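Notes to accompany the following structure.
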Amino acid sequence: MTSLEVPERIKSGHSPKALELKSASKTAYKPAHQTATRRLRKSYTIRLWAVRHARFLEWFYGRFANIFLLLHPLWNAVGYQRAEAPVKFVEKQVKGVLFDCRMCGQCVLSSTGMSCPMNCPKQLRNGPCGGVRANGNCEVEPDMPCVWVQAWNGSQNMRNHDAILKVQRPVDNSLRETSSWLRVTAETAVERESAGEAK
Ligand code: SF4
């Protein structure tokens, strides 16, 4: 665009939303004024269930992670890289249903009250933006409960409720679509082995 060209929305004086609706009306398909998030409300129901049961899920994940760690010799024998595809498939299905997981590969659910921060439209990893609505919903997706309000609620139910105060590193996009379960297992195994060697 040259400096003399003026964007269509400024020329017309319409907001981006109004322009979107205007162009949508030119097609045969009309989505009944539903936002994408309203169509996905079913997944909010499960997400909110996960937050309400954060303490149980924290306990369950602790047991599950221990079993995964016990299987470290097996993962080593098979090869972590070869195990990745089937484990990732299961992880994606299970966490997709429960948390609407986006497979960022660096899971922080244990620190965020079982509310996945990757569902925040701004993908904030360290708390909410300044736009949370008075009803606790998101400013970008008005139908969606703010994932960080939910994260705080869920974390207060958890045994390790201070974990939410830990500052998270920015998302490493090179880890997308990889298995957090295997990565955490491999890292914990290395930590254990080096702690054993140090004694
Ligand atoms: S933090 Fe990442 S791995 Fe964990 S549920 Fe969210 S997208 Fe999935």
### Query
Taking interchain pairs and intrachain pairs at least six residues apart, which have beta carbon atoms under 9 angstrom, with the first residue in the stretch 86-106 and touching a residue at least 40 places away in the same chain (Cβ under 8 Å) and assigned to a helix (DSSP H, G or I) and the second crowded, with 17+ Cβ neighbours inside 10 Å and charged (D, E, K, R)?
LEU98/ARG47; PHE99/ARG47
### Leading residue by the ranking (farthest from the ligand (Cβ to nearest atom)) among those in the stretch 96-138 that are among the aliphatic types (A, V, I, L, M), surrounded by fewer than 17 Cβ atoms within 10 Å (Cβ to Cβ) and over 20 Å from SER174 (Cα atoms)
ALA134
### Query
Looking at the stretch 163-172, is at least one residue in a helix (DSSP H, G or I), more than 16 Å from the ligand (Cβ to nearest atom) and free of Cβ contacts under 8 Å to residues at least 40 places away in the same chain?
yes
### Query
Has the stretch 139-149 got at least one residue that is more than 13 Å from the ligand (Cβ to nearest atom), without any contact (Cβ under 8 Å) to a residue 12 or more places away in the chain, of a type in the set (D, E, K, R) and over 14 Å from GLN168 (Cα atoms)?
yes
### Task
Report, by residue number, each residue of the stretch 77-92 that is over 16 Å from MET114 (Cβ atoms) and within 12 Å of the ligand (Cβ to nearest atom).
LYS88, LYS92
### Query
Considering the stretch 86-95 alone, what residues qualify as being exposed (fewer than 15 other Cβ atoms within 10 Å of the Cβ) and farther than 14 Å from ARG176 by Cα?
PRO86, VAL90, GLN93, VAL94
### Query
Does VAL190 qualify as being among the β-branched types (Val, Ile, Thr), away from the ligand (no atom under 11 Å from the Cβ) and either assigned to a helix (DSSP H, G or I) or not assigned by TED's automatic domain parsing to the domain that holds LEU71 (or both)?
yes
### Query
Just wondering, is there one or more residues in the stretch 56-70 that are without any contact (Cβ under 8 Å) to a residue 24 or more places away in the chain, surrounded by fewer than 17 Cβ atoms within 10 Å (Cβ to Cβ) and within 13 Å of the chain's Cα centre (by Cα)?
no
## Note on the structure
Restricting the stretch 139-156 to residues that are among the hydrophobic types (A, V, I, L, M, F, W, C) and part of a loop (DSSP other than H, G, I, E, B), the one surrounded by the fewest Cβ atoms within 10 Å (Cβ to Cβ) turns out to be VAL140
### Summary
Sole miss for CYS120 among (1) out of contact with any Gly (no Cβ under 9 Å at 6 or more places or on another chain); (2) under 17 Å from ALA50 (Cα atoms); (3) in contact (Cβ under 8 Å) with a residue 40 or more places away in the chain is condition (3)
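The values are calculated or read from the model by the stated rules, or taken from the named source; none is laboratory data. Fair warning: this is a prediction, and the values are worked out from it, not measured in the lab. Please note: Cβ atoms are built from the backbone with ideal geometry, for glycine as well, and neighbour counts cover all protein chains shown.
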